[in-house]
Amino acid sequence: MSEGHSPDSPDAVLYQSWPHADGTVRLEYMSDGADRLLEVPAEELSALFNSARLPLFGTNPDRFYRSAAESLAAHTPWRAEFGYVGPTSGRRRWLRASDFPCRTPDGVPYFVGVITDLTAQFATEMELTLSEERLRTALRVSNLLAWDLDRHTGQLHYSDHCGEYHGVPEVGAAPSAEQASLVVHPDDRERVRVEIAAALTCDDPYAIEYRGAAADADGHPRWFVSNGQAVFDSDGRWVRRLGVVSEVTARKRAEAEREELDRQLNEARRYESLGVLAGGIAHDFNNLLTVILGNAAVVRAGVGAGPLDGPLADIESACKRAAHLCSQMTAYAGVGRMAVGPVDAAALLRQSEPTLRADAGAARFTLTAPPGLPQLVGEPFQIRQAVRNLVTNAAEATPPGGWVKVEAGRRVVGEGESGAYVLPPPAGEYLMIRVADSGCGMTPAVKAKAFDPFFSTKFAGRGLGLAAVLGIVRGHRGGVRLATAPDRGTVVELLLPVVATPTAAKPMLLPPPSGAYPSPTSREATPPPVPRWPTPPTLPTLPGLPDRGRVLVCDDELNIRELIASVLEGEGFKVVRAKDGADGVAVFRRDPTGFVLAVVDLVMPSVGGHDVIRHLRQTHPALPAILVTGFADRELPADVRTTGPTALLPKPFRLEQLTAMVDDLTGQPA
């Protein structure tokens with residue numbers, strides 16, 4: 001552009017005569033600006049034009065000369081923009097040529113030409129175009145969508161196609177406010193409208209978060225956030241609102257996952273605290289039940305048959321129910337250790353069918369457990385207990401004439417698959433046990449609390465059945481799924497991990513002893529015989545000792561210690577009492593001769609039952625031992641279990657169970 005001229009002001013003026021008969025033109029006059037701009041005199045410029053040899057660039061020559069010839073022949077205005085290379089300097093300029101037809105007073109036609117230098121204007125426009133393209137590219141790469149709202153016109157413009165960005169193609173790139181709202185999820189539109197209206201009344205930056213109307217490929221909601229900022233005029237009034245829209249789906253999902261992890265962590269802490277509480281209560285409660293049940297047996301033996309038979313039977317029955325309640329609590333809290341192994345679930349269910357059919361009561365009961373299912377990793381007693389609890393719960397919800405169905409099958413859970421799981425399982429293959437009924441179903445409110453402890457729609461004192469199921473499956477690292485609706489019945493699915501490599505099912509290492517009843521399920525199993533070890537060498541009988549030998553009774557509960565001691569003394573043993581584990585080890589080491597048995601409480605202060613047995617067997621290898629416990633433990637350390645005859649006696653127990661176990665381990669029936 002020549003100095004002193006604006007982009008639209010003429011930089012050169014030319015007068016050209018009417019074309020000659022041969023079609024050529026001649027420039028009659030060129031201003032000084034034209035000489036500087038075109039860098040050739042009028043005669044040479046005329047020759048270059050007539051021979052179609054003007055130094056053009058970036059321009060279609062054929063179109064340029066053809067349009068000029070047509071305009072000259074018709075004596076009509078002509079305008080063209082073209083690139084021109086200065087013949088002397090070689091400088092490239094963008095020019096605009098405008099020819100206007102005129103006539104002399106005598107009527108002779110001619111043209112007045114004006115040439116404007118557009119080089120600077122084109123450079124500015126090109127830089128603006130490049131800048132806009134760079135901005136669009138940066139926004140596209142950053143997955144952002146810029147927007148601009150004009151206050152006066154109310155028009156909203158986006159840097160790219162707004163609808164395609166949100167997955168709603170029918171919304172254009174410059175939508176109205178009503179059209180723009182279509183990209184927002186219907187449930188969020190009213191909230192977004194209110195937040196936008198509030199934002200327009202203040203001058204502060206703002207951010208509005210919303211779900212998109214279109215879900216992603218997996219059907220999950222997409223999340224966006226629109227950040228806005230006002231642009232003000234000289235009077236401090238906003239004239240435009242500028243901002244960007246960004247997709248924050250990944251962040252929202254990460255937040256949801258973090259919240260879920262926090263929830264699971266809090267739940268784990270809750271169950272850990274509950275486990276400590278339930279374990280302590282179960283231990284102390286079972287100690288009390290042992291004393292009550294034992295002394296009831298002592299009274300029965302002392303008074304014989306008579307009017308006290310009924311009250312004593314009621315005491316024993318109440319102790320059974322209380323012991324069952326303890327087992328359900330510890331199952332829910334997961335405080336009991338389990339000796340798990342491969343279990344043939346189909347065979348287990350078929351063996352349990354008579355009991356399950358009885359649990360179903362008046363409901364029609366069917367069991368589908370096809371052979372060939374994978375073995376699961378678990379403890380048969382607890383699995384049977386979980387299924388029985390579900391069947392009992394289903395039967396109570398099913399009216400006369402209804403049905404209860406139990407079915408076993410295979411289920412594969414994929415990554416991130418949660419569905420309606422109350423207890424989501426990790427991804428993998430599972431053995432599924434489904435219990436369905438045609439009962440009354442559950443409302444959403446009842447369904448949300450169905451697995452809470454002591455929640456029940458029945459009467460007070462119920463409500464640990466489903467809670468215990470949840471604890472058992474959690475202990476097996478499985479999953480629980482619940483599907484129900486009012487008047488449409490209920491379906492509960494238990495998912496239990498399967499054995500990676502099928503093996504022959506092995507019996508439990510330490511099942512509850514014969515006749516024990518910590519839960520109804522233990523009555524169904526026939527435990528394997530207690531393994532035999534060589535009988536300890538006969539020790540010389542000390543003067544005054546009974547013929548059956550000495551027994552160490554070690555328990556920190558005085559009442560239980562005295563109860564066990566009195567029973568064993570009545571069976572012909574000489575009992576050495578110890579008030580705790582440390583005292584028991586010390587008493588035994590002072591005089592280890594003549595001991596044929598140790599009856600030790602599993603949980604005691606300072607030195608626990610496992611360690612007491614280890615210390616005793618250092619002096620007296622293979623000493624028979626009975627470990628008494630108020631917990632739901634069914635596992636002993638391998639060194640304790642294999643170094644001598646060892647049995648576990650769960651509290652509360654009957655006195656005849658104690659004496660039967662003593663006879664079995666010592667090999668000396670009374």
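The values are calculated or read from the model by the stated rules, or taken from the named source; none is laboratory data. As the structure is a computational prediction, the values presented were derived from the model and not from experiment. Neighbour counts are summed over all protein chains in view; Cβ atoms, including those assigned to glycine, are modelled from backbone coordinates with ideal geometry. Surface accessibility is based on the protein's heavy atoms, side chains included, excluding ligands, DNA and RNA. Shrake-Rupley method; radii C 1.70, N 1.55, O 1.52, S 1.80 Å.
Of the trypsin sites (Lys or Arg not before Pro) in the range 86-149, which ones lie in a loop per DSSP and count no more than 12 other C-beta atoms within 10 Å?
Working: sites: 91, 92, 93, 96, 103, 134, 136, 140; in loops: 91.
Qualifying residues, ordered by number: 91.
Per residue, what accessible area does the range 15-80 have, given a 1.4 Å probe and all protein chains present, in Å²?
57 Å²
Under the rule of at least 5 residues apart or a separate chain, name every residue whose amide H is placed under 5 Å from the amide H of residue 184.
Residues meeting the criterion, in which the H sits 1.01 Å from N, are 213.
With θ set to phi - 60° and the Karplus curve 6.51 cos²θ - 1.76 cosθ + 1.60, what are the ³J(HN,Hα) couplings of the range 119-124 in order, to the nearest whole Hz, using x for Gly and Pro?
Here the 3J(HN,Hα) series is 4, 5, 5, 5, 5, 5 Hz.
Tally up the carbon and sulfur contribution to the accessible surface of the range 40-197 as a whole percent, 1.4 Å probe, everything protein left in place. Present the calculation step by step, with values, prior to reporting the outcome.
Working: 5160 of 9120 Å².
About 57 percent, which is the carbon plus sulfur part of the accessible surface.
Can you give me the relative contact order of the range 562-670 as a percent, contacts being Cα pairs under 8 Å and 6 or more apart?
The value is 24 percent.
State the extension gain, in nm to one decimal, for the chain segment bounded by residue 421 and residue 66, taking 0.36 nm per residue of separation less the distance between their alpha-carbons.
Contour length minus Cα-Cα distance gives 120.0 nm.
How big is the range 181-243 on each of its three principal axes, counting only the C-alpha atoms and giving the largest first in Å?
Each principal axis gives a Cα extent; for the range 181-243 these are 50, 19, 16 Å.
How would 590, 270, 614 line up by accessible area, probe 1.4 Å, largest first?
My answer, sorted largest first, is 590, 270, 614.
Calculate one ³J(HN,Hα) per residue across the range 227-236 by plugging θ = phi - 60° into the Karplus curve 6.51 cos²θ - 1.76 cosθ + 1.60, and present them in order as whole Hz with x for glycine and proline.
Coupling constants for the range 227-236: 9, x, 8, 7, 10, 10, 8, 5, 8, x Hz.
Equivalent ellipsoid semi-axes for the range 126-236, as square roots of 5 times the alpha carbon gyration tensor eigenvalues: give them largest first, rounded to whole Å.
23, 21, 13
Could you tell me the distance between the Cα centroids of the range 65-92 and the range 14-55, to the nearest Å?
So the two Cα centres are separated by 10 Å.
In Å, what Kirkwood hydrodynamic radius results for the range 210-306 from the alpha-carbon pair distances?
20.5 Å
What number, in percent, do you get for the relative contact order of the range 120-247 if the mean sequence gap of Cα pairs under 8 Å and at least 6 apart is divided by its residue count?
Numbers: 197 pairs, mean separation 29.9, N = 128.
Relative CO of the range 120-247 lands at 23 percent.
Given the peptides 604-611, 121-128, arrange them by the average over their residues of other C-beta atoms within 10 Å, most packed first. Kindly include the intermediate steps, with their values, before the conclusion.
On the way: 604-611: 17.1, 121-128: 12.8.
Result, highest mean Cβ count within 10 Å first: 604-611, 121-128.
Take residue 75, project a point 7 Å from its Cα along the Cβ direction, then tell me which residues of the range 108-140 have their backbone nitrogen under 16 Å from it.
108-112
Starting at the first residue of the range 304-309, write each ³J(HN,Hα) from the Karplus equation 6.51 cos²θ - 1.76 cosθ + 1.60 with θ = phi - 60°, in whole Hz, x for Gly and Pro.
The phi angles translate into x, 5, x, x, 7, 4 Hz.
Calculate the radius of gyration of the Cα atoms of the range 591-670 to one decimal place, then report Dmax, the largest Cα-Cα distance, as a whole number, both in Å.
12.2, 34
Can you give the relative contact order of the range 198-319 as a percent, counting alpha carbon pairs under 8 Å and 6+ residues apart?
14 percent
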